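The structure appears right after this line, and notes come after that.
The values are calculated or read from the model by the stated rules, or taken from the named source; none is laboratory data. Since the model is a prediction, treat every value here as computed from it, not as a measurement. Please note: Cβ atoms are built from the backbone with ideal geometry, for glycine as well, and neighbour counts cover all protein chains shown.
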Amino acid sequence: MYLKGPTDEYFELRVLDNNDCEVIKKSIESSLSILWFQDDQSELKIDGKSKRFYKNEILFLTEFHKIEINRIGVIQFIRFNRSFFCIIDHDSEIGCKGVLFFGSSNIPVIQIPKSDLRKFESFWKMFLLESEEQDSFQIEMIRTMLKRYVILCTRIYKDKNNLIHEDETSLIREFNFLVEQHFRDKHKVADYASLLNRSPKTLSNIFQKHSSKSPLQFIQSRKILESKRLLGYSDLQVQEIGYQVGYDDVQSFSRFFKNQTGHSPLSYRMNIAGRKDNI
């Protein structure tokens, strides 16, 4: 099913297998993707790191993830754009910003609990049934179901990760989202503390309670992730990549990259990403 509305909103729903999986690799502006794995046969390389997925796991991706396919089983696939449903505008209702999407620390995956499996199966059936309708309510009905689907996923993720102190974890989510927006030009914890109207010390204390990383490590991780993406999937020279993540000279960027990864940018590109280039 592929729906497109009058203001360029779209929603895509399909079952993928080994013969029909290239859609996963497409980077579509302002899109978000949800992959529900139906067996234990799928392995994807996401931003250069291979990961195997198992039955009833759900993966959440943004347009910025770089995907390569190692092998594919059967996947129930949903993709939608911001015009169809904006998780940022609706964050007060669904609470997934910086959790399922736009979190800089990891790739969000949930395992559907057995107690919730029938709910997910029902949602999928309802999506399919609504796809057969052709009236003016179709898009709004699917948008409403998508919202409920995402809320259920967010609830499972938060329960699994013990995100019970909502005020404090909301601050971490907002920090993650701000890093996603500003990591190219804001590199200090104090920059984000100011945007959040908190002190750097307050942020550090909250992260110490609820996260395995410090605020600075989150910032550095996002810069490294972007550097790896550009080294592996673009033809930009190392100097230009360093400039894009906030370094005015290649030496400073190379030191930062090697300290974080154990590789120089050039050796990463040649040995890890399998490409050759000159600084």
- Message: On the basis of being at pLDDT 90 or above and assigned by TED's automatic domain parsing to the domain that holds Tyr243, does Ser204 make the cut?
- Response: yes
- Query: Which one is nearest to Leu59 (Cα to Cα) among residues in region 153-186 that are acidic (Asp, Glu) and either touching a helix residue (DSSP H, G or I) at 6+ places or on another chain (Cβ under 6 Å) or at pLDDT 75 or above (or both)?
  - Reply: Asp159
- Message: Restricting to region 183-209, give me the number of residues that are closer than 12 Å to Lys223 by Cα and surrounded by 16 or more Cβ atoms within 10 Å (Cβ to Cβ).
- Response: 3
- Message: Quick check on my filter: what residues within region 196-215 are touching a His at 6+ places or on another chain (Cβ under 9 Å) and either within 28 Å of Ser252 (Cα to Cα) or in a loop (DSSP other than H, G, I, E, B) (or both)?
- Response: none
- Note on the structure: Per the filter on region 208-245, residues under 12 Å from Val179 (Cα atoms) and among the polar types (S, T, N, Q) are Gln217, Gln220, Ser221
- Task: Could you check, for region 98-112, whether at least one of its residues is under 25 Å from Glu140 (Cα atoms), touching a residue at least 60 places away in the same chain (Cβ under 8 Å) and outside any loop (DSSP other than H, G, I, E, B)?
- Result: yes
- For region 111-152, how many residues are at pLDDT 95 or above, out of contact with any helix residue (DSSP H, G or I) (no Cβ under 8 Å at 6 or more places or on another chain) and among the aromatic types (Phe, Trp, Tyr)? 1
- Message: Of all residues being in contact (Cβ under 8 Å) with a residue 60 or more places away in the chain, surrounded by 19 or more Cβ atoms within 10 Å (Cβ to Cβ) and of a type in the set (D, E, K, R) in region 220-254, which is nearest to Ile46 (Cα to Cα)? Just the residue, please.
- Response: Lys228
